[in-house]
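Below is one structure, written out as structure tokens, with a few remarks after it.
The values are calculated or read from the model by the stated rules, or taken from the named source; none is laboratory data. Please read all numbers here as calculations on a predicted model, not as lab measurements. Heads up, the Cβs are rebuilt from the backbone with ideal geometry, glycines too, and the neighbour counts pull from every protein chain shown. The area values use the complete protein model at the heavy-atom level, side chains included, leaving out ligands, DNA and RNA. Shrake-Rupley method; radii C 1.70, N 1.55, O 1.52, S 1.80 Å.
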Amino acid sequence: MRIVSGIQPTGQIHLGNYLGAIKQWIDLQNENECVFFIADLHALTTPYETKLLQKSITEKVIAYLAAGLNPDKAIIFKQSDVKEHTELAWLLNTICPIGELERMTQYKDKSKKYKDNINAGLLTYPVLMSADIMLYKAMAVPTGKDQEQHVELTRTIARKFNQRFGETFPEPKSMMPEYGAKLMSLTDPKKKMSKSDEPKSCIFLFDEPEVITKKIMSAETDSGKDVLYNITKKPGISNLLVIYSLLTKKSIKEIEIEFKDKGYGEFKKSLANVVVNYLEPFRIKKKEFETRDSYVKEILEKGQARARVIAEATMKEVREKMGII
Ligand code: ADP
Ligand code: TRP
């Protein structure tokens, strides 16, 4: 099965990105034809530093590799290196109803957050994302919960295209983990963990052990002292239980039993250990990759070449079907 997903280069990768998206990618890469990219063009829709963009792209590729992506299997590349993404996005813009874009939750949230910069790109962001997916005729898109609506829109656009110009694209489905599709902030467990929030609300993939421990020990927890999973009454503890469960592969029930009568403090201490140990190999691999100067560049070049073969074939077909030869 062909699978596509991407992550924007800005900000540092956190445990939410890992458990919601990247971990799925790693599980999928052996059995599927995977296309994973750095969505640098999407990142231009919100304020960013031009001088830091390339550096943050390199950092993300290193993060992918450190987390376990294999560039010999998955196609790994930079979105802007394959020009067909923007070409297809324009063509899809001409069939996407504007009302669909205006109702997107992410658009509404971002236009509130960046009041002084509500650019057209922020509105048409999901059309570029649809182009990213449709260019490779992907069947499935592994992401966290917040991107589900955009994948749903992709199905609508694919359907419209097929109706108007003839059967061309599959309607891709969202792939989300049962738990961890929406990891919550450590400081406000009613909000999702997000790289654009304060650093202590996120555990970053490459945080040092002391930093991880400090963040977990001071994570917002609920009144009471029992370590029990209850999203409405105990959102803070429930979020920490999800992290514990996903990183140890123990069920939430097992963990509740293990910490019965032990209180939040002991649970958090144990969780801090779990997270520190889980992420240790990531930190080591990151340092290794950082010493291999041209490695990332080679991966992106190879990825670009592999991606282009598929992208060019799709665009040839699309151009012909739309009558632009
Ligand atoms: P952020 O919202 O932190 O800026 P991105 O928008 O770059 O992160 O998201 C990259 C990927 O990580 C997407 O697939 C997204 O759905 C997933 N993701 C982001 N935040 C979370 C979260 N808190 N829990 C689970 N998955 C998440
Ligand atoms: N919009 C996604 C995010 O912010 C990133 C993204 C861009 C993406 N293009 C994509 C994800 C295509 C999946 C498929 O997380």
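For segment 114-155, taking the residues that are touching a residue at least 12 places away in the same chain (Cβ under 8 Å) and among the charged types (D, E, K, R), the one that is least open to solvent (accessible area, probe 1.4 Å) is identified as D132. Screening segment 164-221 for residues that are assigned to a strand (DSSP E or B) and open to solvent by 60 Å² or more (accessible area, probe 1.4 Å) and picking the one that is nearest to Y278 (Cα to Cα) gives K192. Exactly one residue out of L52, L101 is closer than 20 Å to E290 by Cα, aliphatic (A, V, I, L, M), surrounded by fewer than 20 Cβ atoms within 10 Å (Cβ to Cβ) and over 18 Å from the mean Cα position of the chain (by Cα): that is L52. Residues being open to solvent by 60 Å² or more (accessible area, probe 1.4 Å), closer than 20 Å to M193 by Cβ and of a type outside the set (K, R) are entirely absent from segment 245-266. When each of E256, E280, E317, E266 is tested for being in contact with a Leu (Cβ under 9 Å, 6 or more places away or on another chain), in a helix (DSSP H, G or I) and either of a type outside the set (F, W, Y) or modelled with pLDDT of 95 or more (or both), the lone residue that passes is E256. Exactly one residue among L44, L69 is touching a helix residue (DSSP H, G or I) at 6+ places or on another chain (Cβ under 9 Å) and more than 14 Å from ligand 2 (Cβ to nearest atom), and that residue is L69.
Residue-wise test of (1) among the hydroxyl-bearing types (S, T, Y); (2) within 11 Å of ligand 1 (Cβ to nearest atom); (3) out of contact with any His (no Cβ under 7 Å at 6 or more places or on another chain).
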position: E171; (1), (2), (3): no, no, yes
position: A181; (1), (2), (3): no, yes, yes
position: S185; (1), (2), (3): yes, yes, yes
position: K233; (1), (2), (3): no, no, yes
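Can you name every residue in segment 1-28 that is more than 11 Å from ligand 1 (Cβ to nearest atom) and open to solvent by less than 10 Å² (accessible area, probe 1.4 Å)? Those that are more than 11 Å from ligand 1 (Cβ to nearest atom) and open to solvent by less than 10 Å² (accessible area, probe 1.4 Å): I3, V4. Evaluate the following for R159: is it out of contact with any Cys (no Cβ under 7 Å at 6 or more places or on another chain) and surrounded by fewer than 17 Cβ atoms within 10 Å (Cβ to Cβ)? Answer is yes for this residue.
Being more than 10 Å from ligand 1 (Cβ to nearest atom), at pLDDT below 95 and outside the structural domain of I13 (by TED's automatic domain parsing) is true of E198.
Every condition in (1) at pLDDT 95 or above; (2) away from ligand 1 (no atom under 16 Å from the Cβ) holds for Q106 except the one numbered (2). Within segment 140-159, restricting attention to residues that are of a type in the set (D, E) and either modelled with pLDDT under 95 or more than 8 Å from ligand 2 (Cβ to nearest atom) (or both), the residue that is nearest to the chain's Cα centre (by Cα) is E148.
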